[in-house]
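These notes concern the structure reproduced below.
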Amino acid sequence: LCRTEHMFFEAERIAAVREMILADTSEGRRAALDKLLPMQRQDFAELFEIMGGLPVTIRLLDPPLHEFLPHTQGEIEEVAKDVGRTPAQIAAKVGELTEENPMLGHRGCRLGIMYPEIYEIQAQAIGEAAAAQGNAGAHRATSRPTASWARRNGTPFTTRASARSVAPAAPSAAASSMRAG
């Protein structure tokens, strides 16, 4: 199991993730995610090579977004300077995204609904890395957050993760099949 959120904490990557989280538009998020695409593609290509054809399950980004944002006043001021915002704007966004109960916030399918471009870019990176590996007999699955609505003991819904196989294919076909599924 590869949990992709752990791939984003290096200095160059966390800066792009913060830029994506702080973007006000889909275009701004995509510009930040475009910086992450080659990094993710390389990560997945290395993962597939290391696993040597063994099954791989990749869990798409699923943490509370506030975990990627600055926590101290000094960090807030530094990020504000890096992204061209005021410290007050950054602190407000941190406050907006900080979650008391992360299971009720921007996790899982809710993250994908609010910011679909995040999963699109990850699907693209996985598809391109898989295509670069060719048909080496590898089995890849992507765990993407989903929700199923069911009533049981008065509970309105439950959430679960599902796995979807991704065969090496043309990058656009892999990304399209993941978005459609």
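The values are calculated or read from the model by the stated rules, or taken from the named source; none is laboratory data. Everything quoted here is computed from the prediction, not taken from an experiment. Methodologically, a virtual Cβ is constructed for each residue, glycine included, from the backbone with ideal geometry; neighbour enumeration extends over all protein chains shown.
Looking at the structure I just gave you, is Asp82 touching a strand residue (DSSP E or B) at 6+ places or on another chain (Cβ under 9 Å) and either in contact (Cβ under 8 Å) with a residue 12 or more places away in the chain or over 18 Å from His6 (Cα atoms) (or both)?
So Asp82 does not fit the description; no.
Within the group Ala132, Ala123, Ala161, which residue is at pLDDT below 60 and aliphatic (A, V, I, L, M)?
Ala161
Could you tell me how many of the residues in the range 4-38 are without any contact (Cβ under 8 Å) to a residue 60 or more places away in the chain, aliphatic (A, V, I, L, M) and over 22 Å from Glu75 (Cα atoms)?
Number of matching residues: 1.
Name the residue that is surrounded by the most Cβ atoms within 10 Å (Cβ to Cβ), counting only residues in the range 43-90 that are in contact with a helix residue (DSSP H, G or I) (Cβ under 8 Å, 6 or more places away or on another chain) and of a type in the set (S, T, N, Q).
Per the stated criteria, the residue is Gln89.
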